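Novice: Please read through the structure below; I'll follow up with questions.
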């Protein structure tokens, strides 16, 4: 996709807003010409794949909604993409490494800072992030 990070900083509220994320993706300019480079997309992959699912699914479901409807419920599996209130107690809490040099060498890496204030692990552990709202209700 050539979008390993977004130029626009994303707030916590925007991270769970599929319409806002859709607009950001649509307006982003790829960081590399198509086919010129292979890049890992650790920050944007979830948003990108969710937007693909929404566009190809006739019901415009998120990847989590699709998985729930087509896999989890049909096959009675105990696997989730996203979460619901009943599952909150089963979700591991994120925590930062204890050493202050955990990000040494990444200080100038735009991908690390493209999430703005989302790098705070407590914010990434909120139910709003784990269970974002559907694009079409």
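Novice: Within region 68-84, can one find any residue that is within 16 Å of residue 16 (Cα to Cα), outside any loop (DSSP other than H, G, I, E, B) and either touching a helix residue (DSSP H, G or I) at 6+ places or on another chain (Cβ under 9 Å) or at pLDDT 85 or above (or both)?
Specialist: The answer is no; no qualifying residue exists.
Novice: Looking only at region 7-30, how many residues end up being buried (at least 16 other Cβ atoms within 10 Å of the Cβ) and either more than 12 Å from the chain's Cα centre (by Cα) or in a helix (DSSP H, G or I) (or both)? Spell out how you get there, then give the answer.
Specialist: Just the residues of region 7-30 that are buried (at least 16 other Cβ atoms within 10 Å of the Cβ), to begin with: 10, 12, 14-18, 21-22, 24-25, 28.
Filter again for either more than 12 Å from the chain's Cα centre (by Cα) or in a helix (DSSP H, G or I) (or both), leaving 12, 14-15, 18, 21-22, 24-25, 28.
Adding up the residues that qualify gives 9.
Novice: Looking only at region 56-82, count every residue that is closer than 25 Å to residue 9 by Cβ and either free of Cβ contacts under 8 Å to residues at least 40 places away in the same chain or surrounded by fewer than 16 Cβ atoms within 10 Å (Cβ to Cβ) (or both) and tell me the total.
Specialist: 1
Novice: Something else about it: Could you please find all residues in region 32-49 being surrounded by 13 or more Cβ atoms within 10 Å (Cβ to Cβ) and touching a residue at least 40 places away in the same chain (Cβ under 8 Å)?
Specialist: Residues satisfying the conditions are 41, 43, 44, 48.
The values are calculated or read from the model by the stated rules, or taken from the named source; none is laboratory data. Nothing here was measured: the structure is a model prediction, and the numbers come from that model. In this analysis, Cβ positions are derived from the backbone assuming ideal geometry, glycine residues included, and neighbour counts consider all displayed protein chains.
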